[in-house]
């Protein structure tokens, strides 16, 4: 529902970056979407396409990378991908594990033709 | 072709504004809480009961968000505290810019507590930092007990869950234990308070929570 706004924010960042590199053409923007970001990737991709259509940015590719939720066990320092909302450490059973990845809503990179 | 690493938040502009708000709250010792839930979970009713219980000298203000109408602000203005409606005109969440704009004529040094009632929506408000000290999610007994699993983002990011409308438990199929367990699966150790805005049950615990957090914010404001 708010994906169009997110798409607009991504495009704004691209435009700002483009101003910094006036002789280059940005062809692709890579965005990380965490499991906990609350952003639907299909809706975002669709919103982005609608936004750039018939504009200077029509050929700009949006590359979305999904980041699954990863927990770290404070006792055995084991990192594991959380499945089925079970936060327990698969090695020692510790319940109070910490979320270390999965909240991302970050622009990771842009590709430029110089 | 050349790849440049960017590594910045998509909602960077919102984040900058939110950080600025957070700094201002801290400087002034203001506690800001952001109430989030589905439409109809009882945010406004909870606020009515909350304001009713506040001492008349309390320095509290409310910003209430909706797509349309001033109805909520009218309901909440009765208690004599400053209330402002933010009508988003269709936007499904509040963002930091809206908060900043609506705070323009409210000097923060005159406040101890700012309550933001977000637009009724469990998805989008979770992405937008408003500079608050704590997000608070409401889940009512007329919803499904699996809501925390369906909308994990907001339950993960909220510090406190208020289980509302508990007076209806005898009449609805809602399994409260399961709902609490689901919330804690998404967010281990999450604090949960059961409340009813109709009977008043549990509201003292919620008021106590607010008071404790306000005290903490005040001390931080003094220390800062």
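Can you tell me which residue within region A:86-114, out of those that are surrounded by fewer than 15 Cβ atoms within 10 Å (Cβ to Cβ) and within 21 Å of residue B:155 (Cα to Cα), is farthest from the other protein chains (Cβ to nearest Cβ)? My answer is A:100. Reported count of residues in region B:188-200, each being touching a helix residue (DSSP H, G or I) at 6+ places or on another chain (Cβ under 6 Å) and outside any strand (DSSP E or B), is 6.
Residue-wise test of (1) at the interface with chain B (Cβ under 9 Å from one of its Cβ atoms); (2) under 18 Å from the mean Cα position of the chain (by Cα); (3) under 30 Å from residue A:71 (Cβ atoms).
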site: A:4; (1), (2), (3): no, yes, no
site: A:10; (1), (2), (3): yes, yes, yes
site: A:29; (1), (2), (3): yes, yes, yes
site: A:35; (1), (2), (3): yes, yes, yes
site: A:44; (1), (2), (3): no, yes, yes
site: A:53; (1), (2), (3): no, no, no
site: A:58; (1), (2), (3): no, no, no
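Checking region B:133-142 against the condition returns no match, with no residue being modelled with pLDDT of 95 or more and under 17 Å from residue A:98 (Cα atoms).
Scanning region A:40-61 for residues that are buried (at least 21 other Cβ atoms within 10 Å of the Cβ) and either farther than 24 Å from residue B:93 by Cα or out of contact with any helix residue (DSSP H, G or I) (no Cβ under 6 Å at 6 or more places or on another chain) (or both) yields one hit, A:60. Among the conditions (1) more than 22 Å from residue B:183 (Cβ to Cβ); (2) in a loop (DSSP other than H, G, I, E, B), residue A:38 misses just one, which is (1). Among residues that are touching a residue at least 12 places away in the same chain (Cβ under 8 Å), farther than 28 Å from residue B:123 by Cα, within 12 Å of chain B (Cβ to nearest Cβ) and not in a loop (DSSP other than H, G, I, E, B), residue A:14 is not included.
The rows are residues; the columns are (1) within 14 Å of chain A (Cβ to nearest Cβ); (2) over 28 Å from residue B:202 (Cα atoms); (3) surrounded by 14 or more Cβ atoms within 10 Å (Cβ to Cβ).
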{"position": "B:6", "(1), (2), (3)": "yes, yes, yes"}
{"position": "B:35", "(1), (2), (3)": "no, no, yes"}
{"position": "B:54", "(1), (2), (3)": "no, no, yes"}
{"position": "B:76", "(1), (2), (3)": "no, no, yes"}
{"position": "B:82", "(1), (2), (3)": "no, no, yes"}
{"position": "B:92", "(1), (2), (3)": "yes, yes, yes"}
{"position": "B:104", "(1), (2), (3)": "no, yes, no"}
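Screening residue A:86 against (1) farther than 22 Å from residue B:148 by Cβ; (2) touching a helix residue (DSSP H, G or I) at 6+ places or on another chain (Cβ under 9 Å) leaves a single unmet condition, (1). Please verify whether region B:11-32 includes one or more residues that are at the interface with chain A (Cβ under 8 Å from one of its Cβ atoms) and either modelled with pLDDT of 95 or more or more than 30 Å from residue B:71 (Cβ to Cβ) (or both). There is at least one residue in region B:11-32 that is at the interface with chain A (Cβ under 8 Å from one of its Cβ atoms) and either modelled with pLDDT of 95 or more or more than 30 Å from residue B:71 (Cβ to Cβ) (or both).
All of (1) more than 24 Å from residue B:49 (Cα to Cα); (2) within 14 Å of chain A (Cβ to nearest Cβ); (3) in contact with a strand residue (DSSP E or B) (Cβ under 9 Å, 6 or more places away or on another chain) hold for residue B:158 with one exception: (1).
The values are calculated or read from the model by the stated rules, or taken from the named source; none is laboratory data. Only a predicted model underlies this, so the values are computations on that prediction, with no experimental measurement involved. Neighbour counts are summed over all protein chains in view; Cβ atoms, including those assigned to glycine, are modelled from backbone coordinates with ideal geometry.
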